[in-house]
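The values are calculated or read from the model by the stated rules, or taken from the named source; none is laboratory data. Bear in mind that the values here come from a model prediction, so they are computed numbers and not experimental data. A quick note on method: Cβ atoms are made from the backbone with ideal geometry, for glycine too, and the neighbour counts reach across all protein chains shown.
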Amino acid sequence: MDDWMANLFIPDPHTSGDMDWYLERKDRCIEQIWKITSELMKVGTDAILELGLIQLTNRQHLYSRIDLAGYDLTVYVLEASREIRRERVRKRNIEKGGTFAMEVSDRFFDLASNMWESPSETECTERDIRFMSTEV
């Protein structure tokens, strides 16, 4: 997702710098990623997506698409404390290594972190959801 956002939208001037600006464009990226994923799946190629679906409504939308298409789905939730995630993002911003696509400010990090909705017990019962600690 970060590569798509960085290449398609970050270079464009925008004054808002807020979450609404980001989410609108993220939705556009997800639409395009879904089109490509569907084509791959139709020819028998598995897909691994990192879409950052941090809210239940976004995940439910993906679940509906997957169910309608008849695909299997496993969701991996990578878990780390907020402090560790913040440290990793700051380090990535400085190092600009292989996984760097765009800088994530502390403000944006906090906005996204505050929006996180962990999968509920019901969601976990209905779906194949696996939690994986990334603390180490």
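If Ile84 satisfies every condition in (1) in contact with a helix residue (DSSP H, G or I) (Cβ under 9 Å, 6 or more places away or on another chain); (2) surrounded by 13 or more Cβ atoms within 10 Å (Cβ to Cβ); (3) closer than 23 Å to Asp106 by Cβ; (4) not aromatic (Phe, Trp, Tyr) but one, which is the exception?
(1)
Would region 106-115 turn up any residue that is modelled with pLDDT under 95 and in a loop (DSSP other than H, G, I, E, B)?
The answer is no, given that none of the residues of region 106-115 is modelled with pLDDT under 95 and in a loop (DSSP other than H, G, I, E, B).
Condition first: within 19 Å of Ile84 (Cβ to Cβ) and in a loop (DSSP other than H, G, I, E, B). Now tell me which residues in region 116-136 satisfy that.
Trp116, Ser118, Thr134, Glu135, Val136
From Leu68, Leu78, Leu73, which residue is aliphatic (A, V, I, L, M), surrounded by fewer than 11 Cβ atoms within 10 Å (Cβ to Cβ) and closer than 30 Å to Val43 by Cα?
Criteria check complete, one pass: Leu68.
Residues checked against (1) in contact with a strand residue (DSSP E or B) (Cβ under 7 Å, 6 or more places away or on another chain); (2) within 17 Å of Pro119 (Cα to Cα); (3) touching a residue at least 60 places away in the same chain (Cβ under 8 Å); (4) assigned to a helix (DSSP H, G or I):
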{"residue": "Cys29", "(1), (2), (3), (4)": "no, no, no, yes"}
{"residue": "Gln32", "(1), (2), (3), (4)": "no, no, no, yes"}
{"residue": "Lys35", "(1), (2), (3), (4)": "no, no, no, yes"}
{"residue": "Glu50", "(1), (2), (3), (4)": "no, yes, no, no"}
{"residue": "Asn58", "(1), (2), (3), (4)": "no, yes, no, yes"}
{"residue": "Arg65", "(1), (2), (3), (4)": "no, no, no, yes"}
{"residue": "Val77", "(1), (2), (3), (4)": "yes, yes, no, no"}
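For region 88-136: of the residues being surrounded by 14 or more Cβ atoms within 10 Å (Cβ to Cβ) and small (Gly, Ala, Ser), which is farthest from Ser64 (Cα to Cα)?
My answer is Ala101.
Going by what's in this entry, would Glu123 be described as touching a residue at least 12 places away in the same chain (Cβ under 8 Å), farther than 22 Å from Trp4 by Cα and not β-branched (Val, Ile, Thr)?
yes
Please verify whether region 18-30 includes one or more residues that are within 20 Å of Thr134 (Cα to Cα) and surrounded by 13 or more Cβ atoms within 10 Å (Cβ to Cβ).
no
Residues in region 2-15: is at least one under 15 Å from the mean Cα position of the chain (by Cα) and part of a loop (DSSP other than H, G, I, E, B)?
No; the residues of region 2-15 include none that is under 15 Å from the mean Cα position of the chain (by Cα) and part of a loop (DSSP other than H, G, I, E, B).
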